[in-house]
Amino acid sequence: MIGGGSEHRSWGDRLVVLVPYLWLALFFLLPFLIVFRISLSQTAIAQPPYTPLLDLAGGFGALREFVAGLSFDNYVTLASDTLYLASYLKSLEFAAIATALLLLIGYPIAYGISRASAKAQPILVMLIVLPFWTSFLIRVYAWINILQRDGLLNDALLALGLADAPLTWLATDTAVYIGLVYSYLPFMVLPLYATLQKMDDTLLEAAADLGCPRWRAFWQVTLPLSLPGVGAGALLCFIPIVGEFVIPDLLGGSQALMIGQTLWTEFFSNRDWPVASAVAVVLLTLLLVPIVVYQHMQTREIERSR
Amino acid sequence: MRKGPSWFNLTSIALGLAFLYLPIAILVIYSFNASRLVTVWGGWSIRWYAALLEDAALREAAATSIGIALVSAAAATVLGTLAALALTRLGRFRGRLPFSAMIYAPLVMPEVITGLSLLLLFVAIDFDRGFWTVSIAHATLTMCFVAVVVQARLVDFDRSLEEAAMDLGCPPLRTFLTVTLPLIAPAVAAGFLLAFSLSLDDLVIASFTTGPGATTLPIRIYSDVRLGVKPEINAVCTIMIAVVAVAMIAASLLTRRSASGGTPAPI
């Protein structure tokens, strides 16, 4: 079952691979193919609301009919209606700026933890991770309490004399950025910490011995060596943020929807499953390159530690 | 170079932790607010917790969520542990690359895509949507988290123990049960707890894959939150935070003990 290098594979070995493999193929891979197929079908007023899928019982004739029935109408809709383009661009903008903010805020925290005493480090890491396991929903909801018009942030600003009248925070881009940075901070801090912690201190000592000031040692030694962590953290945040739904839905305004919200609306409100599928296919295509890069980094990491 | 906390490092850690915990602390404190107005402090009270006890629909949603979390986490633990064994112990089998791709992709895949695609699968094969479809969806997502956690443990433990057992004539299955499994048990348990809390928290995938009669707690909370802040929601969220916090502290204690001074678990 766990026999390592032997050429001959026992049935136990095969089962270990096959069970999870088949599960993922059936419930992860196959669904994408179906999304792709439905994105090429017409909206129909029926249950389910799209034209029928391939009927294999019909033989060759059905197959020809199937190919003839494929339609790119949904993609034409996506391309011609600026709503969708604006939505994709808005998502990329939110994700790019939020990732940059996360790096600026997450790096000093990760750096600070990596410099803490060996005993304090695991505790600090746990404190960073803990809120991440509380649901997105609750953490975003917590910010509604704070950001609403008569909420605590305005109370504090008024009490400190920093504002003359209550400011509008909810339903603005600022609120979405606060929510994104808040929710994704652990995803940024952990990979950064992992690389910073492994760093060889003697390099910094050498730099100091040679008269290099601390800030310059950081700039020329620490930062370049931590770039793998920066890349991993940035991708780990950027990819899911592009498709984020809960945060912009609860904290953002209604003028500029992110693509996750557009997909949700198409599916739940307009009940247009084919267009929702097409939105998903385009979103997945956009994210394909970052996902492949991320996978490549992960696999390399595993192979190195084997 | 001086190693130790400088004021800059201490400030950034302190500010970071304050930013992470203050909103949750405020939520918890206001769940004990006696006033119906969520923004006015009216003294300490547990009336919103008492109100929860009378909310039958909410209780039902909580029971559904816990049921789904138990079923999906159990399935995810078995599937994820098998996947971790496949990735670390079987060397280069055919189809290894697409296999590891399928393990890592769900970790970053936007939930709206995973949710929509699974729903379309269930509709295509005409599977009644409800408790079981949400459980399958959650098991699929969380098995990948379990696989990552268990794999981290499998990678850094001593293979010679297994080899010794095999050399002494112990059959592979028995070696697994008596040597490998006890050694990775803390990571497997941690994986189960992670899967459980992820399932308990999920809104997006559950919204897509659920059907009539299987409203989960996050779905219920979300529909309430959209209507505005209510003190009862503060109370529900506080209970959920407490449950997840206990599960997570247990999980991290388990992995820490198992890692015994090694590198921290990836999650």
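No lab work stands behind these numbers, since they all come straight from the coordinates. The structure presented is a predicted model; accordingly, all values stated were derived computationally and were not measured. Using ideal geometry, Cβ is built from the backbone for each residue, glycine included, and neighbour counts are taken over all protein chains shown.
Assorted remarks:
- Of the residues A:F32, A:F218, A:F267, the one that moves most in a GNM of chain A with alpha-carbon contacts below 10 Å is A:F218.
- Distance between the 7 Å Cα→Cβ label points at A:S10 and B:R94: 2.2 nm.
- By the count of other C-beta atoms within 10 Å, a proxy for reagent exposure, B:C237, B:C170, A:C237 are ordered fewest to most as B:C170, B:C237, A:C237.
- Simple spin-label estimate for B:D156 and A:F72 in nanometres, 7 Å along Cα-Cβ: 5.1
- Summed side-chain charge close to A:L170 - residues other than A:L170 whose Cβ falls under 14 Å, Lys, Arg +1, Asp, Glu -1: -1
- With only the Cα atoms considered, the stretch B:1-71 has a convex hull volume of 159 Å³ per residue.
- Listed residue (B:S31, B:A51, B:G91) projecting farthest to the positive dipole end of the stretch B:28-131, Cβ model: B:G91
- Amide H contacts of A:Y50 (H built 1.01 Å from N, under 5 Å, at least 5 apart or other chain): A:A44
- Distance from the C-alpha centroid of the stretch B:135-155 to that of the stretch B:26-60: 36 Å, rounded to the whole angstrom.
- Counting all C-alpha pairs of the stretch A:72-305, share separated by more than 29 Å (%): 42
- Here the stretch B:1-108 is treated with +1 on each Lys and Arg Cβ and -1 on each Asp and Glu Cβ, and its dipole about the Cα centre works out to around 720 debye.
- Other residues whose C-beta falls under 14 angstrom from the C-beta of B:I136 contribute a net charge of -1, scoring Lys and Arg +1 and Asp and Glu -1.
- Normalised by 2.2 N^0.38 Å, where N is the number of residues, the alpha-carbon radius of gyration of the stretch A:215-306 equals 1.48.
- Proximal charge balance of B:N234 [Cβ under 15 Å; K/R count +1, D/E count -1]: +2
- Averaging the sequence gap over all C-alpha pairs within less than 8 Å and six or more residues apart, then dividing by the number of residues, gives chain B a relative contact order of 29 percent.
- Label-point separation, A:R149 to B:I239 (7 Å along Cα→Cβ), nm: 3.2
- Think of the protein assembly as shown as having a plus end and a minus end, set by charges on the Cβ of Lys, Arg, Asp and Glu; of B:S197, A:T174, A:Q121, A:Q121 sits farthest toward the positive end of this dipole.
- Cα gyration tensor shape for chain B, rounded if a/c is under 1.5, else prolate or oblate: oblate
- Prolate/oblate/rounded call for the protein assembly as shown, Cα gyration tensor, a/c under 1.5 rounded: rounded
- Potential lengthening between B:W7 and B:D126 on full extension [0.36 nm per residue; Cα-Cα distance subtracted]: 36.7 nm
- Bins of 5 Å from zero: percent of alpha-carbon pairs in the stretch A:100-183: 3, 13, 16, 17, 17, 15, 11, 6, 2, 0
- Percentage relative contact order, chain A, counting C-alpha pairs under 8 Å, at least six apart: 26
- Restricted to Cα atoms, the stretch B:6-45 shows a radius of gyration and a Dmax of 14.7, 45 angstrom.
- Counts of other chain beta carbons within 10 angstrom of each beta carbon in peptide B:220-227 average 3.
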